[in-house]
Amino acid sequence: MAFSDEVLAVLDVKFAAVLSHLDERQRRLYLASEAEALGHGGIAAVARLAEVSELTVARGREELAGGAEALGRARRAGGGRKSASERGPGLVAALELLIEPRAVGDPVSPLRWTTASLRDLSRELTDAGHPVSAPVVGSLLRAMGFSLQGMAKTWAGSQVPDRDAQFRHINTAAERFLARGLLVVSVDTKAKEPIGDFARPGRTYRPKGKPITAPDHDFIDPDTPFVIPYAIYDLGRDSGWVNVGTDRNTAAFAVESLRRWCKVQGHLD
């Protein structure tokens with residue numbers, strides 16, 4: 001059935017004003033109501049003006065005719081676009097490979113250091129044949145148990161453009177050494193501890209009612225001596241060793257800690 005230009009013009013104005021404010025199901029039902037009002041040929045005319053499929057309008061008519069109850073969502077359960085991980089079965093595995101050498105705090109990997117942003121990961125996944133946006137990468141990371149935390153603690157010193165490449169190189173070299181059975185250790189200074197009658201974390205077995213006592217307030221003056229623990233971690237053996245000194249936290253202290261570890265424990269291992 002042919003409709004007058006005036007009728008079609010009115011519908012065009014109404015669609016332009018209303019459709020953008022409706023969700024998918026609301027649009028479908030509204031278009032179906034207009035098609036019903038037009039009568040024969042209404043579905044085709046409405047679909048053409050609204051730039052949607054005739055099947056969409058027809059389905060809306062069926063829903064109106066069937067008296068379907070109002071839904072609390074635009075799509076029925078199970079409807080809609082599949083998740084990124086379902087559309088790309090290898091996406092999560094590819095993301096895990098990118099994250100593995102760059103996640104902070106897990107000694108299982110030879111080097112754990114997060115330097116990649118969501119955009120970096122999105123670009124690398126896309127280059128690897130898994131086109132995905134940065135927000136989707138963020139959603140996948142949250143589903144994998146990652147969260148944004150302690151970002152201020154992961155920045156160390158000035159940033160250089162090739163920093164990520166440097167740590168990747170170190171991680172690759174460490175994995176190659178471990179595969180050959182060669183020694184790989186990491187060195188890390190721990191929190192300084194003041195020497196004296198100060199409260200300490202942790203617990204020890206004591207006679208009931210006789211705890212080790214300390215002042216109720218820790219007043220540390222400039223002359224209070226400190227000890228600095230330096231940890232040496234053997235990645236291949238998954239064993240640690242700590243050197244405790246009173247010197248400044250310097251490169252010389254780190255080298256001396258390695259030397260002592262080698263003399264006391266390393267040569268035995």
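The values are calculated or read from the model by the stated rules, or taken from the named source; none is laboratory data. Every value quoted in this text rests on a predicted model; they were computed, and no experiment measured them. Counting neighbours? That spans all protein chains shown, and the Cβs are built from the backbone with ideal geometry, glycine included. With ligands, DNA and RNA removed, areas are computed over all heavy atoms of the protein, side chains included. Shrake-Rupley method; radii C 1.70, N 1.55, O 1.52, S 1.80 Å.
Solvent-accessible area of HIS130, all protein chains in place: 50 Å² (probe radius 1.4 Å, heavy atoms, ligands and nucleic acids excluded). Modelled label positions at ASP238 and ARG203, each set 7 Å beyond Cα in the direction of Cβ, lie 2.7 nm from each other. The candidates TYR205, TYR230, TYR30, arranged from most to least accessible area with a 1.4 Å probe in the full protein assembly, appear as TYR205, TYR30, TYR230.
Treating r as the C-beta distance of ASP12 and GLU62 and R0 as 35 Å, the FRET efficiency rounds to 0.90. Applying 1/(1 + (r/R0)^6) with r as the Cβ-Cβ distance of HIS40 and SER117 and R0 = 51 angstrom yields a FRET efficiency of 0.35. Quick one: grab the alpha carbon gyration tensor of the stretch 1-40, order the square roots of its eigenvalues as a ≥ b ≥ c, and give me rounded if a/c is under 1.5, else prolate or oblate depending on whether a/b is larger than b/c. Taking the square roots of the gyration eigenvalues as a ≥ b ≥ c, the stretch 1-40 is oblate. Ligands, DNA and RNA aside, VAL264 has an accessible area near 80 Å² when probed at 1.4 Å.
Full extension of the chain between ALA143 and GLU54 gives 28.3 nm of extra length, using 0.36 nm per residue less the Cα-Cα distance.
Of ASP188, ASP5, the residue with the largest accessible area leads and the full order is ASP5, ASP188 (1.4 Å probe). Computed with a 1.4 Å probe on the full set of protein chains, the accessible area for LYS263 sits at about 140 Å².
Here the accessible area is traced with a 1.4 Å probe on the protein chains. For the stretch 202-269, carbon and sulfur cover 55 percent of it. Computed extension gain for ASP247 through ASP188, at 0.36 nm per residue and net of the alpha carbon distance, reaches 19.7 nm.
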